[in-house]
Structure formats: C-alpha cells, structure tokens
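First up is the structure itself, then whatever we jot down about it.
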C-alpha cells in the first residue's frame, strides 16, 4: 500500500459519512413535507424515517443525522413540517412540536442502540423492540413538552397521541419490514 492510497482513505471515509448525514437530513426534510396539517402537531411521515434511520444507521450516525436536521431548522432552513414556506428557527423548536423534534433524536439513537446490541436476536424481534422503544421515547418527550401548551390530561392525549397512534403504528411496522428485508445490505 502506498502513501497516496493511505491518505485517500480518511478522505473517502469522511466523504461517505458526510453523504450519509446529508442524505438522511434530506429524507427527514422530505418526510416532513408529506404531512396532514393537524394542529398543534402535524401528522407527517417523519416517524417512519426517524425509526428507519435508527435501524439502518445505528445510534451514532442516526443521532448525527437528526441533530444535523434540527440544526438546519434552527438556522432557519425550511426543513420542518408546515405549510410552505415551512416555519423554522428557534421559535418553531420552542413551539408545541419541539418535544417531538427532540424525541426524534432520542428515538433514532435508541432504535439504533437496540438493533446493535441485540445482534444475536432475530432481526424481526430486534427491529420490533427498537421501534417500540424509539416510539415510547418520541411520544414521551413530545407529550411532556406539548402538555405545557395544551395542558395535561385528556386535552393532551387528544392533541398529541390519539390522532397519531394508528398511523405511527403503520409507519413503525413499515420500518420493521424494511429492516427485516434489507438489514443485511447495510453496514452500520
């Protein structure tokens, strides 16, 4: 192996990692735009992408993707769910959906961690446990935050849980099926 080949490897690895993060943030942004405009929390396809990122990329990469996505929104880029032009910036993150956005990072990391650390368990079981834990963290963080805006109790459940359960169950099932089918084609 010559010196030039050795020097190119870190550059190629960095380029690959940057590309993974960029593509992940693009997927998150696109999934935010496929949304039903509920209030105060829109229903989007982001949970499918967040959970899938965790399953396929592992805890570190998926956490970096979601963090980069949140930073893009914090900087004012129109990456979040909402009518065009999509709201962005600190005001959006501090709004009713802020807890769910933070929950995205927790969910992706947790799903990735479960998939990596239950390696001897069947992929279907690993992915199911991962998306369940990720979903619990996403909902827990989101509902805790949303309660500060709509109150706690039935109002909270009606605004941030009940309308989303069936759709999120379907999106979690899709993530599990995708992982079960394609997990061997991706290297974490």
1 or more residues within 14 Å of residue 51 (Cβ to Cβ): qualifying helices (runs of 4 or more DSSP H) within the stretch 102-188: 123-150, 162-182
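With respect to residue 91, is the statement that it is assigned to a helix (DSSP H, G or I) and under 19 Å from residue 168 (Cβ atoms) true? So that I can check it myself, show each step before the final result.
Values: assigned to a helix (DSSP H, G or I): yes; under 19 Å from residue 168 (Cβ atoms): no.
Judged against the criteria, residue 91 is not a match.
Residue-wise test of (1) closer than 15 Å to residue 47 by Cα; (2) under 21 Å from the mean Cα position of the chain (by Cα).
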position: 146; (1), (2): no, yes
position: 150; (1), (2): no, no
position: 153; (1), (2): no, no
position: 156; (1), (2): no, no
position: 161; (1), (2): yes, yes
position: 164; (1), (2): yes, yes
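Among the residues of the stretch 65-74, how many are more than 17 Å from residue 137 (Cβ to Cβ) and in contact (Cβ under 8 Å) with a residue 12 or more places away in the chain?
First, pick out the residues of the stretch 65-74 that are more than 17 Å from residue 137 (Cβ to Cβ): 68, 71-74.
From the residues that got through so far, the ones that are in contact (Cβ under 8 Å) with a residue 12 or more places away in the chain too are 68, 72-74.
So the answer is 4.
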Residues of the stretch 69-79 satisfying the condition of being assigned to a helix (DSSP H, G or I) and either more than 11 Å from the chain's Cα centre (by Cα) or under 16 Å from residue 118 (Cα atoms) (or both): 71, 72, 73, 74
Inter-residue pairs, beta-carbon under 8 Å, first on the phi > 0 side of the Ramachandran plot and at pLDDT 95 or above and in the stretch 160-182, second assigned to a helix (DSSP H, G or I) and buried (at least 19 other Cβ atoms within 10 Å of the Cβ), 6+ apart: none
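The values are calculated or read from the model by the stated rules, or taken from the named source; none is laboratory data. Here the structure is a predicted model, which means the values were calculated and not measured. No Cβ is skipped: glycine too gets one built from the backbone with ideal geometry, and neighbour counts run over all protein chains shown.
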